[in-house]
1. Got a sec? Which residues in the stretch 31-56 would a label at Ile98 touch, if it sits 7 Å along Cα→Cβ and we count backbone N under 19 Å?
2. Could you check the spin-label model distance between Tyr84 and Glu64? Points 7 Å from the Cα along Cα→Cβ, value in nm.
3. In debye to the nearest 20, how big a dipole does the stretch 36-124 give about its Cα centre with +1 on each Lys and Arg Cβ and -1 on each Asp and Glu Cβ?
4. When the accessible area of the stretch 36-124 is computed with all protein chains present and a 1.4 Å probe, what percentage of it is carbon and sulfur?
5. Could you report the stretch 45-124's accessible area per residue, 1.4 Å probe, as an integer in Å²?
6. Just to confirm a number: summing +1 for Lys and Arg and -1 for Asp and Glu over residues other than Ala77 whose beta-carbon lies under 9 angstrom from that of Ala77, what do you get?
Amino acid sequence: MKILFFAILICSSFLFPSSSFASHVELKPCVEIAHCVREEWEVNNIEEPFEQIKTFIEKTPRTEIVEIDGDYLHAEATSKWMKYVDDLEVSFLPDSNILLIRSESRVGESDLGVNRKRVDLLKSKMF
């Protein structure tokens with residue numbers, strides 16, 4: 001019985017990986033362009049770009065950081081009226097001085113440009 005329990009536990013860890021397996025190098029590509037934005041920013045002229053963007057996200061209304069793991073950040077942004085939740089991910093590649101940004105709606109066919117506006121606002125604060 002113990003062997004069966006451990007076998008199930010080990011198999012489930014491969015099916016449902018923990019957040020510690022989060023990619024710090026590459027964020028998922030956008031499947032539906034209508035409600036997802038993914039960009040790469042070169043940040044050669046900015047000191048501590050990951051800390052700066054983290055500070056901007058912390059100060060953004062209705063946005064909560066739910067995970068920080070080294071150079072990876074995952075935040076949830078809730079819309080004001082309909083209370084839809086969007087995912088915002090940031091991954092910093094210190095070797096190449098690149099910030100990867102990804103913002104995607106969880107539901108719906110279109111986001112009416114909300115994710116594009118969110119990414120553009122962060123970009124305007126960074127540069």
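1. 31, 37-51, 53
2. Between Tyr84 and Glu64, the simple spin-label model gives 2.0 nm.
3. The dipole of the stretch 36-124 has a size of about 600 debye.
4. The value for the stretch 36-124 is 50 percent carbon and sulfur by accessible area.
5. Per-residue value: 58 Å².
6. Here the count lands on -2.
The values are calculated or read from the model by the stated rules, or taken from the named source; none is laboratory data. This structure is a prediction, so every number in the text was calculated from the model and none was measured. Because the Cβ atoms are built from the backbone with ideal geometry, glycine has one as well, and the counts that use them run over all protein chains shown. The accessibility values were calculated without ligands, DNA or RNA, using every heavy atom of the protein model including side chains. Shrake-Rupley method; radii C 1.70, N 1.55, O 1.52, S 1.80 Å.
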